[in-house]
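In what follows, a structure is listed as structure tokens, so that the remarks can point back to it.
Any read-out appearing in this document is the output of simple, stated calculations on the displayed coordinates, not a laboratory observation. As the structure is a prediction and not an experimental result, all values here were calculated from the model. Cβ sites come from the backbone with ideal geometry, for glycine too, and all protein chains shown count toward neighbours.
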Amino acid sequence: MGQLHTVDFVTRATSCFPVPTTLGAAVPRTDAAGYIAAIAEGFGTITADGSLTVTTPLLSTGSRMNDAKCDAAGRLWAGSCALDFAAAAGQVHVLDADLAATTVLDGFTLPNGMGWSPTSDRFYLVDSICRTISVWDYDLASAQLTNKRTFTPFADDAGLPDGLCIDTDGFLWVAMWGGHQIIVLSPDGDRIRSIPLPVAQPTSCAFAGTNRDVLIVTSARDNLGANATPADGSVLAIYDTGSQGTPVPYFGG
């Protein structure tokens with residue numbers, strides 16, 4: 001059983017409703033109310049009251065969806081992994097507006113945060129357990145990926161790269177699970193700065209607000225036990241970032 005939480009950043013109104021499956025990610029829809037979601041079974045639609053319809057069964061027992069995000073054309077990209085994080089079992093799938101899915105990448109362990117450069121000519125993907133971010137050249141019109149290379153690896157003491165977002169200058173903001181930090185990387189893969197956090201396990205980040213200049217950071221309390229602090233598992237807001245996030249596309253169907 002999952003939950004979907006929403007926050008109106010202007011009014012601060014919040015809502016939460018249960019979703020009767022494991023929920024990896026949810027994205028608002030352009031052509032209908034509610035959300036498209038990456039779920040345990042594959043892909044599905046969620047109405048505003050939490051009703052779920054599995055539209056695109058895709059995954060076998062023993063796998064789950066993880067992170068997901070739409071490209072500028074409104075396609076939903078989502079990573080899946082084995083429940084036991086078996087090496088090379090992770091895949092990346094693309095869902096088109098007609099709710100047809102295609103598996104486009106494989107051979108990962110835990111595909112996680114993903115995003116596109118401001119001009120949509122690069123695609124970035126985290127493989128958390130392998131501690132790497134890979135990058136491809138990307139053609140938005142055809143959704144074709146070419147020229148894969150390692151964007152940057154991470155040292156063991158930095159934490160595991162998890163979710164990410166990208167600003168209008170093409171810098172990557174990466175949540176580091178177990179690292180108590182957000183790491184900011186230049187388009188060349190250079191580490192620009194580290195933002196310390198009061199949480200041990202930041203899971204992802206996104207720019208929000210009227211000007212998309214407030215960094216929202218999610219976190220988890222999993223397996224922290226007595227080491228957990230009151231902040232662990234909370235959602236943080238970082239103001240005065242000096243940066244602006246790229247627009248976040250909705251699903252095109």
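Summary of values
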read-out: Rough spin-label spacing in nm, given labels placed 7 Å along Cα→Cβ, for Asp157 and Ser60; value: 4.2
read-out: Residue-span extension gain [Ala226 to Ala97] - 0.36 nm each, minus C-alpha spacing; value: 41.9 nm
read-out: Whole-number percent relative contact order across the range 110-247, with pairs defined as alpha carbons under 8 Å at least 6 apart; value: 16
read-out: Inter-label distance for Thr30 and Ser120, nm, one decimal - labels placed 7 Å from Cα along Cα-to-Cβ; value: 0.8
read-out: Proxy reagent accessibility, fewest Cβ within 10 Å first, across Thr102, Thr146; value: Thr146, Thr102
read-out: Sequence ranges 25-32, 65-72, ranked by mean other-Cβ count within 10 angstrom, highest first; value: 65-72, 25-32
read-out: Exposure proxy ranking, count of Cβ atoms within 10 Å, fewest first, for Ser204, Ser142; value: Ser142, Ser204
read-out: Segment Thr53-His5, extension gain: residue separation times 0.36 nm, minus the distance between their alpha carbons; value: 15.5 nm
read-out: Peptides ranked, highest mean first, by Cβ atoms within 10 Å: ranges 74-83, 185-194; value: 74-83, 185-194
read-out: Cα-Cα pairs of the chain separated by more than 24 Å (percent); value: 45
read-out: Sorted peptide list for 119-132, 210-223, criterion being average Cβ within 10 angstrom, highest first; value: 119-132, 210-223
read-out: Label-point separation, Ser15 to Tyr250 (7 Å along Cα→Cβ), nm; value: 1.4
